[in-house]
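One structure below.
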Amino acid sequence: MRTVVVLPTYNEAENILRFLHAVRDAVTDADVLVVDDNSPDGTAALAEGTASELGRIKVLHRAGKQGLGAAYRHGFTTAFDEGYEAIVSMDSDFSHDPTVIPRMLDLLAGGVDAVIGSRYVPGGATVDWPLRRRVLSKWGNRYTAAVLRLPVRDCTSGFRAYRAEALRGIDPASTTAEGYAFLTELVRKLVANGSTIVETPIVFRDRQFGTSKMSGRIIVESMLLVTKWGVFDRSGRSER
Ligand SMILES: Nc1nc2c(ncn2[C@@H]2O[C@H](COP(=O)(O)OP(=O)(O)OP(=O)(O)O)[C@@H](O)[C@H]2O)c(=O)[nH]1
Ligand SMILES: [Mg+2]
């Protein structure tokens, strides 16, 4: 399958060079699409340099920080326009291990529509995160799966592989979430559309370099949206 790895970046200067090399080493025949929100630390210029060196890496230069959701909406639209058959998404800070990508692509090739790298299935784990992050993520995911009745244990994992056709079928451009709630929004739409989703265990590591973009605002956004979608689902109304 013609594959592209979509990498959102914001201030990942300390990671991007090594990370692009690690992705290329893990999946030699995949293209890469970096989606940078004009990172003040010069991430995009570093990515361009690596693109010239390694080839088959494209950098989308966006005007400014608009959140993970907006970056992925842009990246996915570009991937659709360029006709890829498989689309991988992942963080660019080494929290997600690129050597897992081939396993995800094998699962896609086996016929599923989407593969989620999951911290909450047997074999999955989160290491070196502070207790409060672990509690927030684990219980946030339990709440999300229960309220939205989703058969997925890690709805907020950004490490995924999608069959492009299945992703296109839910029109990601129509999503609205700004932060990581965007990832739940996609799962909800995929499930509603009858897509098959499997979770494969991953070990999530805290970033070693650079700073977290996690904010109270996007945590609140996620809780409010999940609750709102749950209420809509129960009231029999569809969508938003
Ligand atoms: N283009 C773009 N990328 C973003 C934005 N926010 C975060 N990212 C990138 O998206 C990936 C996942 O980010 P998050 O998990 O939300 O945040 P993070 O900064 O990695 O936070 P920690 O995991 O807590 O360290 C990383 O590669 C970030 O650089 C954004 O607004 N725009
Ligand atoms: Mg991260």
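The values are calculated or read from the model by the stated rules, or taken from the named source; none is laboratory data. Computed from a predicted structure; not experimentally measured. Because the Cβ atoms are built from the backbone with ideal geometry, glycine has one as well, and the counts that use them run over all protein chains shown. In case anyone asks, the SASA skips ligands and DNA or RNA and just uses the protein heavy atoms, side chains included. Shrake-Rupley method; radii C 1.70, N 1.55, O 1.52, S 1.80 Å.
Think of a 1.4 Å ball rolled over the protein heavy atoms: the chain then has 45 Å² of accessible area per residue. Here the Karplus curve 6.51 cos²θ - 1.76 cosθ + 1.60, taken at θ = phi - 60°, turns the phi angles of the stretch 171-184 into couplings of 6, x, 5, 8, 6, 10, 5, 8, x, 5, 4, 3, 5, 5 Hz, with x standing for Gly and Pro. Accessible surface comparison of LEU7, LEU60, probe 1.4 Å, protein chains only, largest first: the order is LEU60, LEU7.
Counting only lysines at least 8 places from LYS228 when in the same chain, those with an alpha carbon closer than 30 Å to its own are LYS65, LYS138, LYS189, LYS213. Report, to the nearest 10°, how far helix 131-148 tilts away from the longest principal axis of the Cα atoms in the chain, using its own Cα long axis and a range of 0 to 90°. On a 0 to 90 degree scale, this one is about 50.
Under the classification rounded if a/c is under 1.5, otherwise prolate if a/b is larger than b/c and oblate if not, where does the stretch 25-79 fall, given a ≥ b ≥ c as square roots of the Cα gyration tensor eigenvalues?
oblate
Relative to the longest principal axis of the chain, what angle (0 to 90°, nearest 10) does the C-alpha long axis of helix 68-81 take? Roughly 70 degrees, rounded to the nearest 10.
Helical content of the chain, expressed as a calculated mean residue ellipticity at 222 nm, amounts to -13000 deg cm²/dmol (DSSP H runs of 4 or more residues, -39,500 (n - 2.57) each, divided by residue number, nearest 500).
Only beta bridges with both residues in the chain are counted; by DSSP, about 25 percent of them are antiparallel.
Here the relative contact order of the stretch 91-240, from alpha carbon pairs under 8 Å that lie six or more residues apart, stands at 37 percent. Shape index of the stretch 70-209: Rg/Rh, with Rg the Cα radius of gyration and Rh the Kirkwood radius from the inverse mean 1/r over Cα pairs, equals 0.94. Here the spin labels are modelled as points 7 Å beyond Cα on the Cα-Cβ line, and at THR211 and LYS138 they lie 2.9 nm apart.
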